[in-house]
1. Please determine whether any residue of segment D:117-131 is modelled with pLDDT of 95 or more, crowded, with 24+ Cβ neighbours inside 10 Å, away from chain C (no Cβ under 14 Å) and under 29 Å from residue D:190 (Cα atoms).
2. Take residue C:242 and decide whether it is more than 21 Å from the chain's Cα centre (by Cα), within 14 Å of chain D (Cβ to nearest Cβ), within 21 Å of residue C:165 (Cα to Cα) and surrounded by 19 or more Cβ atoms within 10 Å (Cβ to Cβ).
3. Tally the residues that are in a strand (DSSP E or B), more than 14 Å from chain A (Cβ to nearest Cβ) and surrounded by 20 or more Cβ atoms within 10 Å (Cβ to Cβ), restricting the search to segment B:29-40.
4. State the number of residues belonging to segment B:263-282 that are surrounded by 19 or more Cβ atoms within 10 Å (Cβ to Cβ), more than 8 Å from chain C (Cβ to nearest Cβ) and under 16 Å from residue B:8 (Cα atoms).
5. Within segment D:275-286, does at least one residue satisfy the condition of being closer than 22 Å to residue D:185 by Cα and assigned to a helix (DSSP H, G or I)?
6. Consider residue D:108 carefully, then state whether it is more than 14 Å from chain C (Cβ to nearest Cβ), in contact with a strand residue (DSSP E or B) (Cβ under 7 Å, 6 or more places away or on another chain) and surrounded by fewer than 20 Cβ atoms within 10 Å (Cβ to Cβ).
7. Can you tell me which residue is nearest to residue B:133 (Cα to Cα) among those in segment B:309-325 that are in contact with a helix residue (DSSP H, G or I) (Cβ under 6 Å, 6 or more places away or on another chain) and in contact (Cβ under 8 Å) with a residue 40 or more places away in the chain?
8. Hey, any hits in segment A:84-96 for a residue that's part of a loop (DSSP other than H, G, I, E, B) and at pLDDT 95 or above?
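The values are calculated or read from the model by the stated rules, or taken from the named source; none is laboratory data. Everything numeric in this text was worked out from a predicted model, so none of it was measured. Backbone-built Cβ (ideal geometry, glycine too); neighbour counts: all protein chains shown.
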């Protein structure tokens, strides 16, 4: 083993996601379990550059497993994208005696860690934390399962109104590049149509589907639209389009926005975070570096950072078919 | 007593609200209790004109006390605003033998009922169902308490993200004419500032409040804005304004929209709906007409429709002061 | 004014209740608003005797408005019931320069404060915090509204099972001396029968009610039983009794227990706590002492401690009638 | 293909679980999609024997995807365990022209289906619906994910009280034969110790763990106990044992009971149910019979009934280790 690790830093980076706190807790306690010191790094790479560290022991992380957000806070750092910024960060880590870190975040955060590792031969390990589930090398990212539940609960509420008033709702959910959230909440909330970044089903199909839905006796309809929907129209444009072409529908729009990112993590996300934290720390301790921890077929797994950031997370096309059948 | 009532109709009208189903259930079961026949009228006054009635007994309403929306559906009816439309509605009611009705809705619905009562001397009673709590003659409308809980839960989620990223959020909540929701969720969710239709606190005060908040060490802020905020700017304009004047803040916007109207009613709304249904039916049975049932000081009360629709529901100004103190 | 107050202590005492943290926050921030120092007293009177105090400023209470339990912790203190114990507590307060305190708790806690006030002429003020709503001088205690929602949500879940299996459930809810919770959740969850400490409706009536319910076509039934039910039988004894006398029912029992006391407070409880904290501190500042803050007809009010602890909180008998009608 | 299937029956059997309604909906709509008639069979095998069938079309199952329990109701049938009973059931199915059925339930229900298939060469397919996740051939049964979330939310509430009062709680959760729920909620809710049917960790270890926990500065503790815990003591006996041996702890007990089975299904369970319904019907249509649909590595899979009922569902022992590390 090249590095004998005695102090591990942990940071959260990029957009926050439910389960990040549970992962921080797990990293800190796994360090305590192995008699390794652990330092929290505040505000992502920004705080690394500023040397904004705090020592954490097992008790520092009590009562956070069920809290949304991240107690270490998060930020995007422009400075860390520069060689100079990273050098300052390295100096800060060395000064504090930190000799490895675990970064909880998305692919941007992993790219940063990978570059940092290459430049300074510094041991790093990643834990995927983002509600979008858009990372290669893990079937689930932290926060994804929670976000699915948050969104279906909100759509259930909107459906109360939709069906009371015989209305059509376009509901925009997160997912700029991948349709995981849209596809699953669409099936889970019984949406009539699901628009995702991966497929351009076309506006004609949408109209036809709505007409068929109306004809079959449905009095209200929900269409779930991922932010990055391939058709390329915003929910507001879709509303206008449908109202022009199907005057029988009263159309409403809802953009769910940031609430999708918050909330107490689901049991699945808490357990996943706990497992990933253990795996990340113990992988560093046996000399591994430059990997992202993932879950595959309910087992912990490691994926090299370069594959994780280059790879593509694929949606399950079976679900599109299930959705079609469900809206018969 | 002028009318001996044997068949009572019940309808929901205007925007739906949690607790409407519990109120329908209560009307139906109170009729059953007094051996009166009860008819559900679908789609508000629209369905009254169409004669879209269904007989309901005690078992027809099982399993709905905890459901959002309205099983009778709701609609706004242009036709009912015409003398001709109301004549058709009257003929339909007579044909079906319905000799009184209870309308669950807001002030527009009550105005309709009042006019109808005047024209045909037809016994009517109202139950206030709207999340806005903007009706005179009752301290609480059905759905208001539920909406408060729905909104604070959503803001709690957004705060997870806000505080993880040191951001400022403008959150638009319902309330075109009154600030009840904004004021209560603002205090309940710990908002730094609350903008309501009743008061123009001014943009300067907003900036100053945010600056003081920042200076006092707060890293994130939530500003709750009622739809009908007196300043007259949308949350998007407010975002632009603050970003221009306080570059230290990263501002985000969230428009909560329709989800505020759905969801399973709170215990308070279920109990209130049950009490109001009993009161409405039993008031009709003792010959009362043209009143809205309300709650005042935890007791059932009747307010004549003309007062209910003309009066103003006042916000509790004490809460504005409490909010100021809480954001010290 | 006899006392010029410069330092106020705040403690939580007795069983915890949702909203206690929001009340602590309000007391602390109202002190900050008036430039008064505020000290948190840990573990109720126990910590007062131990001098377990910590200075709190506006930032100390951030992020707690939506948390259940109490960050100051709570305990019951035998020692404070002795003259000697109270003398030690007094000495500790004097030593720390604390010249008034606000106690958040139930009637036992208020009795302690009242005696302490008499012995040492020490300014004290109370905030009613208990889910039972059993305190005279306020229509709502902190935590009560939240507990109602918690319980109806649980009963909704149990009803899913009850109606899938045609079963009868006896569900025990809190309420040793008063039936507020049982009565309201009973109506709110659509229970067939409600057993409370205030009325001995008799076992015969229970059987008859269940028989009528069965005959009317209901396939499942929920009976809500307050801990201190007047009939004097536990839910387990009731189960046995009904199974012996009505073999057609498969009976199950659920004792809800401590979960009723936890959870994030409802919007109502958060707002109430905020208002009560302001009122408690500002009452002390104008020289009032020995009162409990309460809410009556949506306005803040003060009740002398001796009345608060001697008086009786009455249930609304109208609700029993509403329940009877709803189970027609 | 021996059977050309034109009418498919669907029933729910055994204990109800969240997601059963979503599965019924999926079976019904998949039939509609393939122009097959579908019949709902009420009250499990009991209703099959009674010929309690109802034809269902796509619209019959609207609005149920998010409802707990089962609209078809469930029951355990003694009669179906006899050859005579099954003969009557077969005659009823034939009379109604039903030529295959899908049973949603646990291993007892599958055993019944398997025997029925052998006796009458009748096409049957199973969907695993039980919160216990104790069925071989699928990593997840319907309702399991929902139950995990329900339980961690309740434990979160109990922890509010536990930590406010420095108490130890023993919480009994479902799991007579397997520890899936206990293990996952134990990790997810941050329990100090987890007692499961698979391992007898011994009472000494429990005491030691609690002592270590106390020594490490923890002021409250949660111990999660599966119903079928190997130590063989009830939560009440455990309480007595600990109170005798560790007088420093005030111990409380909570038996969660039936509420674990109800509630609106999680997004995961709704999607899983939708997929399983499609797979079950389409498997019947291509001539398969006597299988249980399952999910493995996020793909639909079939397991012969005899393996499903004989096999054992194994817990993930990695989680026990994760739990140990988390309670350092």
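1. For segment D:117-131, residues modelled with pLDDT of 95 or more, crowded, with 24+ Cβ neighbours inside 10 Å, away from chain C (no Cβ under 14 Å) and under 29 Å from residue D:190 (Cα atoms): present.
2. Working: more than 21 Å from the chain's Cα centre (by Cα): yes; within 14 Å of chain D (Cβ to nearest Cβ): no; within 21 Å of residue C:165 (Cα to Cα): yes; surrounded by 19 or more Cβ atoms within 10 Å (Cβ to Cβ): yes.
Spelling it out, it is not the case that residue C:242 is more than 21 Å from the chain's Cα centre (by Cα), within 14 Å of chain D (Cβ to nearest Cβ), within 21 Å of residue C:165 (Cα to Cα) and surrounded by 19 or more Cβ atoms within 10 Å (Cβ to Cβ).
3. Pass one, segment B:29-40, residues in a strand (DSSP E or B): B:37-40.
Checking which are more than 14 Å from chain A (Cβ to nearest Cβ) leaves us with B:37-39.
Keeping just the survivors that are surrounded by 20 or more Cβ atoms within 10 Å (Cβ to Cβ) gives B:38-39.
Here the count works out to 2.
4. Going residue by residue through segment B:263-282, those that are surrounded by 19 or more Cβ atoms within 10 Å (Cβ to Cβ) are B:263-281.
Now restrict to residues that are more than 8 Å from chain C (Cβ to nearest Cβ): B:263, B:265, B:269, B:272-273, B:276-277, B:279-281.
Of the ones still in play, those that are also under 16 Å from residue B:8 (Cα atoms) are B:276-277, B:279-281.
Residues meeting the conditions: 5.
5. Step one: filter segment D:275-286 for residues closer than 22 Å to residue D:185 by Cα, giving none.
Scanning segment D:275-286, I find no residue that is closer than 22 Å to residue D:185 by Cα and assigned to a helix (DSSP H, G or I), so the answer is no.
6. Values: more than 14 Å from chain C (Cβ to nearest Cβ): yes; in contact with a strand residue (DSSP E or B) (Cβ under 7 Å, 6 or more places away or on another chain): no; surrounded by fewer than 20 Cβ atoms within 10 Å (Cβ to Cβ): yes.
Here the answer is no, as residue D:108 does not meet what is asked.
7. Residues of segment B:309-325 that are in contact with a helix residue (DSSP H, G or I) (Cβ under 6 Å, 6 or more places away or on another chain), as a first pass: B:309, B:315, B:319, B:322-323, B:325.
After this cut, where a residue has to be in contact (Cβ under 8 Å) with a residue 40 or more places away in the chain as well, the list is B:309, B:315, B:319, B:322-323.
On the way: B:309: 13, B:315: 10, B:319: 16, B:322: 20, B:323: 20 Å.
The residue in question is B:315.
8. Looking only at segment A:84-96, we keep the residues that are part of a loop (DSSP other than H, G, I, E, B), and these are none.
No.
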